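Engineer: Handing you a structure now.
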Amino acid sequence: MNPPEDPTERIARVLGFEQRLVEGAGFQHRVWMRGNPVLARRVHVYLEGDGTPWLDRRRVAADPSPRRPLMPRLMARDPTPSLLVGRPCYHGLAHSPGCLPWHWTHGRYGEPVVFSLARAIERVLPPRDDRELVLIGHSGGGTLAVLLAPRLKGVTTVVTLAANLDVSAWAKQHSYSPLSGSLDPCELPPLDPSIRQIHLLGEQDAEVPPWTLARYRMRNPQARFEVVAGVDHGRGWVERWPALLDSAGSVDVCQARRCP
């Protein structure tokens with residue numbers, strides 16, 4: 001009996017995205033493309049959230065892939081040529097060489113994961129002086145977007161949605177065990193001010209409450225934050241995405257709504 005189709009693969013196929021299997025650094029990555037990002041001068045790179053790393057607090061999931069993926073649905077509403085880059089061991093690759101549950105649990109934002117993601121992106125989009133990259137990540141994908149930004153040539157903007165940018169504070173908030181194998185944006189140097197940061201927070205988000213980002217905001221005073229009304233951690237983003245994209249590209253989002 002064949003395993004069920006990965007939800008991201010199913011949605012991407014229905015939406016007509018091109019899929020590739022791309023080598024990173026020690027891992028393979030599934031990558032989906034919309035438009036012609038390889039030739040485009042401006043590309044949006046999407047990164048999905050953590051998916052299902054655990055079945056409960058004691059049992060690790062055999063496949064961490066998201067069951068209700070958000071990013072392909074956002075990418076479908078984005079007119080800019082785009083990539084959706086899967087993480088190591090996700091989307092049917094959990095049993096690939098090199099993959100261990102550590103890579104989607106305590107090490108989900110670890111150096112091997114970030115390094116391999118960067119190499120996979122560069123294989124699809126070889127660095128060019130005239131190419132601009134906008135990294136867009138939801139939840140833990142936003143954490144990875146911030147970690148990737150200084151490693152990739154041409155990154156001009158990072159946009160996060162409901163991202164746990166202070167990994168330590170987020171873990172303590174939920175009484176999770178520390179992600180000892182992961183990098184934490186709050187423990188690293190702030191992003192270069194030349195990289196524009198726009199962080200969107202769900203007004204009703206109980207998974208990443210806005211207050212958990214206080215330390216990150218202090219360390220990155222140039223970053224912009226917006227609380228999006230009527231949105232929680234996963235719901236409400238798709239309907240608002242075209243307007244949020246337009247806002248992120250044309251105005252100081254903190255002028256649209258008072259930041260917390």
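The values are calculated or read from the model by the stated rules, or taken from the named source; none is laboratory data. Computed from a predicted structure; not experimentally measured. Note that each Cβ is placed from the backbone with ideal geometry, even for glycine, and that neighbours are counted across all protein chains shown.
Engineer: Take the residues in segment 86-96 that are surrounded by 17 or more Cβ atoms within 10 Å (Cβ to Cβ) and without any contact (Cβ under 8 Å) to a residue 60 or more places away in the chain, then tell me which one is nearest to Ala62 (Cα to Cα).
Structural biologist: Among them, the one singled out is Ala94.
Engineer: May I ask you to say which residue of Arg73, Arg42 is surrounded by fewer than 24 Cβ atoms within 10 Å (Cβ to Cβ), touching a strand residue (DSSP E or B) at 6+ places or on another chain (Cβ under 8 Å) and modelled with pLDDT of 95 or more?
Structural biologist: On the way: Arg73 fails: touching a strand residue (DSSP E or B) at 6+ places or on another chain (Cβ under 8 Å).
It is Arg42.
Engineer: For residues that are in contact with an Asp or Glu (Cβ under 7 Å, 6 or more places away or on another chain) and crowded, with 24+ Cβ neighbours inside 10 Å, scanning just segment 121-165, find the one that is nearest to Trp211 (Cα to Cα).
Structural biologist: That would be Ala162.
Engineer: For segment 109-146, how many residues meet the condition of being farther than 19 Å from Val22 by Cβ and in contact with a Pro (Cβ under 8 Å, 6 or more places away or on another chain)?
Structural biologist: Qualifying residue count for the region: 2.
Engineer: Residue check: is Tyr109 in a loop (DSSP other than H, G, I, E, B) and aromatic (Phe, Trp, Tyr)? Spell out how you get there, then give the answer.
Structural biologist: Details: in a loop (DSSP other than H, G, I, E, B): yes; aromatic (Phe, Trp, Tyr): yes.
Spelling it out, Tyr109 is indeed in a loop (DSSP other than H, G, I, E, B) and aromatic (Phe, Trp, Tyr).
Engineer: With the requirement that a residue be surrounded by fewer than 21 Cβ atoms within 10 Å (Cβ to Cβ) and among the acidic types (Asp, Glu), what does segment 185-209 give you?
Structural biologist: If the condition is that a residue be surrounded by fewer than 21 Cβ atoms within 10 Å (Cβ to Cβ) and among the acidic types (Asp, Glu), then Glu187, Asp192, Glu203, Glu207 are the ones that fit.
Engineer: If you go through segment 45-59, how many residues are surrounded by 15 or more Cβ atoms within 10 Å (Cβ to Cβ) and over 17 Å from the mean Cα position of the chain (by Cα)?
Structural biologist: Residues in segment 45-59 being surrounded by 15 or more Cβ atoms within 10 Å (Cβ to Cβ) and over 17 Å from the mean Cα position of the chain (by Cα): 1 in total.
Engineer: Answer yes or no as to whether Arg128 is touching a residue at least 24 places away in the same chain (Cβ under 8 Å), among the charged types (D, E, K, R) and under 17 Å from Thr8 (Cβ atoms). Break it down into steps so the answer makes sense when it comes.
Structural biologist: Numbers: touching a residue at least 24 places away in the same chain (Cβ under 8 Å): yes; among the charged types (D, E, K, R): yes; under 17 Å from Thr8 (Cβ atoms): no.
So Arg128 does not fit the description; no.
Engineer: Within the group Ser116, Ser65, Ser96, which residue is small (Gly, Ala, Ser), under 28 Å from Arg235 (Cβ atoms) and not in a strand (DSSP E or B)?
Structural biologist: Values: Ser116 fails: under 28 Å from Arg235 (Cβ atoms); Ser96 fails: under 28 Å from Arg235 (Cβ atoms).
Step by step, each of Ser116, Ser65, Ser96 is checked, and only Ser65 is small (Gly, Ala, Ser), under 28 Å from Arg235 (Cβ atoms) and not in a strand (DSSP E or B).
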